[in-house]
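Trainee: Below are the C-alpha cells for one structure; questions will follow.
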Number of protein chains: 2
Amino acid sequence: MTAVSTLPETVGIPSAGISSAEPHVHPASRLRSILDSVAAEDGSLPPLNDELVRAMRLPDDLPETLGISEVAEITGITAHTLRYYERIGLVETDRDAAGRRVYDRDALGRIAFVTWLRLSGMPIAGVSRYLELVKAGPDTQDERLALLLEQRAAIVAQLRDLQGALAVVDYKITTYGGTCGA
Amino acid sequence: MTAVSTLPETVGIPSAGISSAEPHVHPASRLRSILDSVAAEDGSLPPLNDELVRAMRLPDDLPETLGISEVAEITGITAHTLRYYERIGLVETDRDAAGRRVYDRDALGRIAFVTWLRLSGMPIAGVSRYLELVKAGPDTQDERLALLLEQRAAIVAQLRDLQGALAVVDYKITTYGGTCGA
DNA sequence: GGTTGGCTTCGAGTGCGCTCGAAGGCCTAG
DNA sequence: CTAGGCCTTCGAGCGCACTCGAAGCCAACC
C-alpha cells in the first residue's frame, strides 16, 4: 500500500534509433547488446518478468556514475538530445561541483524507460504527462494506468500495421524472386 | 519475362493512421474493415498470398471510379494529403473533362501500396525512389529488390523495438495491477 | 600560465509530413 | 440567373522532435 510511484524504472535501453528512417544502425551500444542477448533467449522478448528486468540492469563493471558523453555513447542518444530532454523536463540529473551532469544507474534506467515509451510511438507530451503523474503521487495511479493501457493499445495497433506492411513487402520480395531470380 | 514492373500493386488499404500519436482512430473505412476481416482469419496477417491479395481488392459494388472525397473517406487519407502526394509525384491520377481527379481500382491499389510503405516507416523520399525505379523499367529490379530488403529489415527492427516497448508497458501495467488492483 | 577539450546555457534553425487557406472554376438545383 | 458545393492550384504555415552553433566556464595537462 506504499506509494508505488517510481517502481523499478530501470528497465533497459532500447535501440534509440527512434526515427525509423535510418536502417536502425547507431553507434554500437553496450546496453543494447545486453538487451539483444536477453531478447535472443527466445527471440521475441516475452512479457518482462523480474528476472529479465534484473538481467537488463547495468553490468557491475560500469563506473558508478557517468558523464553525459558516456551516457550518449551507451544509449545512442546524442548529448544534445539528452540536454534537450532535460530542458523540457523529461529527465532530471544531478550535477557535480562544476555544474556538470552526472548520471547514476537510476538515471540511466529512467532514460531507458523514457526511450522505450518514445520508441513505442508515445509523443513527448505523453511521456511528460506520465512522468508528471508519477511525481504527483500515488493518487494518480488510475490515470497512469489508463495512460499505459491506451499506449498499449497504440502499440498493438502499430504491431498490426507493421505486420501488414511486412506481409506486403514480403509479397513483393517473393514475387520479384519468383520472376527475376534474386 | 515480360516487364514485371507494376505487378499487382492492388494490395490493400492500411489503417492510414500514419502518425502514431493518435490512438489509431480515424473515420471508419470500408477497406480497413475488409483488411480487418482478412487479418482476423488467423489474427496475424501471414505472408500475403494470392488469395489474400484477391480478398483485399475492392468489393464489386463500389462505383467503377471515385472522386477525391470518396477516396479520402475510404482510405482515411484527407483530400489535402492525396493532392499533396500527387504534387510530389507519389501518385498519379486521371482527370475528367472538368479537370477533376478520377480514381479507379488500380489507382486505389497504388495508393494502398504507398500507404503500406509509409506505414512501414519508409520516408516519402524512399517511396518516391521505389516508384521511380518501377517507372524506369525492368532493369532496375535489382535495386528495387535491394530497397525492399532494406525496408524489410527496418520493419523487423521496428517490430523488435515495439515488442520490447510492449513488454515494458505490460510490465508496468501488471505491476500496477498487482499493487493497486486494476 | 596557457591551451585544449569537454562541458554549460540558450536561442535559433532544420527536416519531415502534412495541413490549411485563398482565389477561382465548373456543375447542378431552385 | 444565382447560390451552393465540390473541385482546382499554389503557396504558406504548422507541429514535432530534434539539431546545431555561439559564447563562455572549468579542469587537467604540458
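The values are calculated or read from the model by the stated rules, or taken from the named source; none is laboratory data. Note that the coordinates shown come from a computational prediction; the quantities given were computed from them, not determined experimentally. Note that we place each Cβ from the backbone using ideal geometry, even for glycine, and neighbour counts take in every protein chain shown.
Trainee: Check B:ALA182 against each of (1) at pLDDT below 95; (2) surrounded by 14 or more Cβ atoms within 10 Å (Cβ to Cβ); (3) not basic (Lys, Arg); (4) not in a loop (DSSP other than H, G, I, E, B) and name the one condition it does not meet.
Mentor: (4)
Trainee: Going through A:LEU131, A:LEU119 one at a time, which residue ends up being closer than 28 Å to A:ILE74 by Cα, within 7 Å of chain B (Cβ to nearest Cβ), within 16 Å of DNA strand D (Cβ to nearest atom) and not aromatic (Phe, Trp, Tyr)?
Mentor: Working: A:LEU131 fails: within 7 Å of chain B (Cβ to nearest Cβ).
Within the list A:LEU131, A:LEU119, the selection yields A:LEU119.
Trainee: Right, A:ILE88: under 30 Å from B:ALA153 (Cβ atoms), of a type in the set (Val, Ile, Thr) and at pLDDT 95 or above or not?
Mentor: Numbers: under 30 Å from B:ALA153 (Cβ atoms): no; of a type in the set (Val, Ile, Thr): yes; at pLDDT 95 or above: yes.
Against the criterion (under 30 Å from B:ALA153 (Cβ atoms), of a type in the set (Val, Ile, Thr) and at pLDDT 95 or above), A:ILE88 does not qualify.
Trainee: I need the full set of residues from the stretch B:104-131 which are over 11 Å from the mean Cα position of the chain (by Cα) and modelled with pLDDT under 95, in order please.
Mentor: Within the stretch B:104-131, B:ASP104, B:ARG105, B:ASP106, B:ALA107 qualify.
Trainee: On the basis of being at the interface with chain B (Cβ under 9 Å from one of its Cβ atoms), farther than 28 Å from B:LEU119 by Cβ and away from DNA strand C (no atom under 16 Å from the Cβ), does A:ARG105 make the cut?
Mentor: Numbers: at the interface with chain B (Cβ under 9 Å from one of its Cβ atoms): no; farther than 28 Å from B:LEU119 by Cβ: yes; away from DNA strand C (no atom under 16 Å from the Cβ): yes.
No.
Trainee: Those residues that are part of a helix (DSSP H, G or I) and within 8 Å of DNA strand D (Cβ to nearest atom), I need them from the stretch B:84-97; list them, please.
Mentor: Residues satisfying the conditions are B:TYR84, B:GLU86, B:ARG87.
Here is a yes/no grid of residues against (1) free of Cβ contacts under 8 Å to residues at least 40 places away in the same chain; (2) more than 10 Å from DNA strand C (Cβ to nearest atom); (3) within 22 Å of B:LEU119 (Cβ to Cβ):
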position: B:GLY67; (1), (2), (3): yes, yes, no
position: B:VAL71; (1), (2), (3): no, yes, yes
position: B:THR81; (1), (2), (3): yes, no, yes
position: B:GLU92; (1), (2), (3): yes, yes, yes
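Trainee: Then there is this: Take A:ASP96 and decide whether it is within 16 Å of DNA strand C (Cβ to nearest atom), over 15 Å from A:ILE77 (Cα atoms) and without any contact (Cβ under 8 Å) to a residue 40 or more places away in the chain. Write out each step before concluding.
Mentor: Details: within 16 Å of DNA strand C (Cβ to nearest atom): yes; over 15 Å from A:ILE77 (Cα atoms): yes; without any contact (Cβ under 8 Å) to a residue 40 or more places away in the chain: yes.
For A:ASP96, the condition - within 16 Å of DNA strand C (Cβ to nearest atom), over 15 Å from A:ILE77 (Cα atoms) and without any contact (Cβ under 8 Å) to a residue 40 or more places away in the chain - is met.
Trainee: How many residues does the stretch B:148-162 hold that are at the interface with another protein chain (Cβ under 7 Å from one of its Cβ atoms) and either surrounded by fewer than 17 Cβ atoms within 10 Å (Cβ to Cβ) or within 15 Å of A:TYR171 (Cα to Cα) (or both)?
Mentor: Looking only at that region, the number is 7.
Trainee: Looking only at the stretch A:134-146, count how many residues are more than 10 Å from chain B (Cβ to nearest Cβ) and either small (Gly, Ala, Ser) or surrounded by 15 or more Cβ atoms within 10 Å (Cβ to Cβ) (or both).
Mentor: 4
Trainee: Another question, then. What are the residues in the stretch A:98-139 that are among the basic types (Lys, Arg) and assigned to a helix (DSSP H, G or I), if any? Show your work before the answer.
Mentor: The initial filter retains those residues of the stretch A:98-139 that are among the basic types (Lys, Arg), namely A:100-101, A:105, A:110, A:118, A:129, A:135.
Answer for the stretch A:98-139, where residues must be among the basic types (Lys, Arg) and assigned to a helix (DSSP H, G or I): A:ARG105, A:ARG110, A:ARG118, A:ARG129, A:LYS135.
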